[in-house]
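Below is one structure, written out as structure tokens, with a few remarks after it.
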Amino acid sequence: MFYRDGKFLFLSSSGMRVVVTDRSGAFLKGYDLADILEIPEKDRPDTEIFGFNLDTEGNMLFTVATLFKAYVVSPDGKVTASFGKAGSAPGLFGVVSGIAKDDQGNYLVVERLRSVVMVFDKEFRFLLEFGYRGGKPGNLIRPNEVAVGNSGKLFVTQVMNRGVSVFSVTSN
């Protein structure tokens, strides 16, 4: 569930659907993301959203791990961008999950298998990654979601009683 500009967005990750309501619960709009992505009916039971977020313009950002892709869908229901390729090297998607967009327009994507957060620029070019599997400060254990906060803070959820790691986002 997300709240933005007086509207609630409810996501069904396995159904790949989003419902938008006003604060009183009245239905405003619905999105069938599987239909928008033109996923064949036979493939829909095995396809689901692993990470979902909204950017400041109201675009829906989400990842589909089985497709090794991240998507940007505008409020009018159009795919404005998709990026990602399968692989295990830096910048490639193994088991992709959370996604967010920072104040500089960079896309931050969680790669669960390698326990990193990857950073892509506005043109979806891979810039860098950080985190890496481990128990030391700055390491991550199976990260899942990512959120951008105020004052350049980045919050990353993870498993193994690690809770949330907080990173500082810098422009360089």
Pairing a residue in region 130-141 that is under 17 Å from Val95 (Cβ atoms) with any residue that is among the aromatic types (Phe, Trp, Tyr) and surrounded by fewer than 15 Cβ atoms within 10 Å (Cβ to Cβ), where Cβ atoms lie under 9 Å and the two sit 6 or more apart in sequence or on different chains, gives Leu140/Tyr132
* Asked: In region 50-71, is there at least one residue being hydroxyl-bearing (Ser, Thr, Tyr), exposed (fewer than 13 other Cβ atoms within 10 Å of the Cβ) and within 24 Å of Val148 (Cβ to Cβ)?
  -> yes
Looking across region 1-44 at residues that are under 24 Å from Glu145 (Cβ atoms) and part of a helix (DSSP H, G or I), the single one that is nearest to the chain's Cα centre (by Cα) is Leu33
Check: Looking at Arg112, is it farther than 21 Å from Glu57 by Cα, free of Cβ contacts under 8 Å to residues at least 24 places away in the same chain and touching a Ser or Thr at 6+ places or on another chain (Cβ under 9 Å)?
Finding: no
Restricted to region 91-127 and to residues being surrounded by fewer than 14 Cβ atoms within 10 Å (Cβ to Cβ), modelled with pLDDT under 95 and not charged (D, E, K, R), the residue farthest from Ser168 (Cα to Cα) is Gly105
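The values are calculated or read from the model by the stated rules, or taken from the named source; none is laboratory data. Because the structure is a prediction, the values reported are computed rather than measured. Positions of Cβ are backbone-derived with ideal geometry, glycine not excepted, and every protein chain shown enters the neighbour counts.
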